[in-house]
Every structure is written in C-alpha cells, then in structure tokens.
1. Is it the case that some residue within segment 61-68 is modelled with pLDDT under 85, farther than 30 Å from F175 by Cα and of a type in the set (F, W, Y)?
2. Any idea how many residues of segment 201-224 are at pLDDT 95 or above, part of a loop (DSSP other than H, G, I, E, B) and either surrounded by fewer than 17 Cβ atoms within 10 Å (Cβ to Cβ) or under 32 Å from the mean Cα position of the chain (by Cα) (or both)?
3. Could you figure out which of (1) more than 27 Å from T144 (Cα to Cα); (2) touching a helix residue (DSSP H, G or I) at 6+ places or on another chain (Cβ under 9 Å); (3) at pLDDT 90 or above isn't true of A186?
4. In segment 141-173, what residues are farther than 15 Å from S116 by Cα and in contact with a Lys or Arg (Cβ under 6 Å, 6 or more places away or on another chain)?
5. Restricting to segment 227-242, and then to whatever is over 21 Å from the mean Cα position of the chain (by Cα) and surrounded by fewer than 16 Cβ atoms within 10 Å (Cβ to Cβ), can you tell me which residue is modelled with the highest pLDDT?
6. Quick check: anything in segment 75-84 small (G, A, S) and either loosely packed, with under 12 Cβ neighbours inside 10 Å or under 30 Å from the mean Cα position of the chain (by Cα) (or both)?
7. Only one residue in E93, E109 is modelled with pLDDT of 85 or more, surrounded by 15 or more Cβ atoms within 10 Å (Cβ to Cβ) and not in a helix (DSSP H, G or I), so which one is that?
8. Of the conditions (1) at pLDDT below 95; (2) buried (at least 19 other Cβ atoms within 10 Å of the Cβ), Y145 fails just one. Which one is it?
Amino acid sequence: MIRNRKIKWFLSAGIFLLFLFQLLSIGIAEPRGYSLLYDWMAYAVNYVIVIMILFLYIQNLYVRWAVRMAAVILIVSTTTFFLFKGDVHLVVEQSEDRRHEVILKEYSEMKQETISLKRIAWIFGKQTGILTGSSDYKTIERDTYKVEWHHGDTAVITYQASEEKDSLEQEVVNFRPSSYVSYQNAVVGLMGKWVDVDQPENFLLAEGSQFVYARDGELFYYRAEDAEQHGIYAVTLKGMEQNPSLTIVLSPEAEFGDDNLISGSITIHPVTLDPADGAIYERE
C-alpha cells in the first residue's frame, strides 16, 4: 500500500476522475443517445479503479474494509455484466477517401437491435439508425450484410433481416451536404424516363403510381407506394415475387428543379449481398 501523501493525492484524484467519467457516460451520455463505441473501455476503467483503490492506504480500519468491499462488489458486478452482454461486434467501414465512416454495433447475446452510429469525440457514438429485425437475427455475427459506398459520400448498408434469405433490408447513410431547406420527395422527383448510359435498351420509367424497370429485355413493375426513401438522395424500390429490389442513388450533380423533378444522373444497383455493379442512368 502507498503511504506517500502526494502519491495518495494523485491516486485519489485519478479515482475521482474515473468515477466521474463513468457517471457522465452512463448517467448523462446514454440517456441522450450517446454511448461508448468500445465497451471494453468501461470494463477497463472499472478494473483500474479497483487496482488504484487497493493501492491506497487508509488508516481507519472500518473505512479500509468498506472500501475493499466496494472494490470487490465493483469487480463482481463488472465481470457479471461483461458475461451477461456477451460478444460485441463492432464494424467500422470508411469511404475510399477516409473522410466518412459508418459504424455498426451488435450485441450477439442480447435481444437488442443492431445500431448504426456516428463517431463523436473519438470514443463515443451517436445512434443514427437501427437495423430492422436485428434484435432476433444477428446479421453481423452471421456475416449476412454488406456496406457499399456510392460517390464517396453515400453508404448503402444491405443486410438480411431474418432467417429467410430474401428478407434483405437497407439502411442508407448520407454524408452529402445539402442546400435544401425543406423536405424533397425523391420518388416524385424521379418521374419520367431514365435511360442506361451504356445500354440504352435498359431504362427506368416512372409514371403516376408505377415504376417500370427494363433490363435485358425483361420488364419489372413496382408500385410507387412501396418505394422507401432514404433522406433525399436515395430510394429503394422493393421487389415483389420475381421482381428484384433496386437501390437508386442520386449523383452528386443531381438537383431538384423548380418543378420538383430531378436533373442530372442516377445510379441503379440491385439489392443483393453478392458483388454487383450498378449502372448510370440519365433522364431522356
């Protein structure tokens, strides 16, 4: 045990600061949607607190044993909580230029949904979304997910939401700055005909409440009401039966005109976990 007064003061100050860190993390940050990205840090802090307490020399016998009992309780509770939560899968996917990143966090043993996070102050994350069905089906643990970057500023997360292989869902994270001050309806903005730049026989036609997608001589039909908009720069057309689901991502130069129609170009990608290239389409 350490009896030196100066060292004891530094140990006491360190214990106080570590307790304060835990208090801020659990009592203030978490209720506001912030959490530690790396759970091991919380466990490490608790174990360091215990070690520092054991090094302190306390003259009063009753206080000494009370502090030691508190240390034992802290060790037991920390270890129990660690075993209860189980493995934590943390996925960090960066854009090619490393300017943007997508973080996914999943608890394999808990009925808790997998979340997407935005990094705050290096070690904290702010929840930005959840993966549907992930409280039961752990898509990261089973490696049934894929993160693709489009134009360097849009991340499309494709994942399996249940045991069914065709239960693919998507979460789109946009990092593209926008000067639009009001909500834009990208589904309406796509109205008209879009033609594949490399293969003009392929096209996407949006009229009224229906989308028609032509690819390699086949026609696929979609209902506009089944389209899922992600922000203002991406749309998912959900396929029914034999129709493939599609992801439509607006290019960086795409703009909403005064008539609310989109100009510029779009890319269309099949919703799949397999490697697949998208195609560029321009308005006819």
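The values are calculated or read from the model by the stated rules, or taken from the named source; none is laboratory data. On a predicted model such as this, the values are computed, not experimentally measured, just so you know. Note: ideal-geometry Cβ built from the backbone for every residue, glycine included; neighbour counts use all protein chains shown.
1. There is at least one residue in segment 61-68 that is modelled with pLDDT under 85, farther than 30 Å from F175 by Cα and of a type in the set (F, W, Y).
2. Looking only at that region, the number is 1.
3. Only one criterion in (1) more than 27 Å from T144 (Cα to Cα); (2) touching a helix residue (DSSP H, G or I) at 6+ places or on another chain (Cβ under 9 Å); (3) at pLDDT 90 or above is unmet by A186, namely (2).
4. Hit for segment 141-173 is D153, nothing else.
5. Q242
6. Yes, there is a match, as at least one residue in segment 75-84 is small (G, A, S) and either loosely packed, with under 12 Cβ neighbours inside 10 Å or under 30 Å from the mean Cα position of the chain (by Cα) (or both).
7. So the residue among E93, E109 that is modelled with pLDDT of 85 or more, surrounded by 15 or more Cβ atoms within 10 Å (Cβ to Cβ) and not in a helix (DSSP H, G or I) is E93.
8. Unmet condition: (1).
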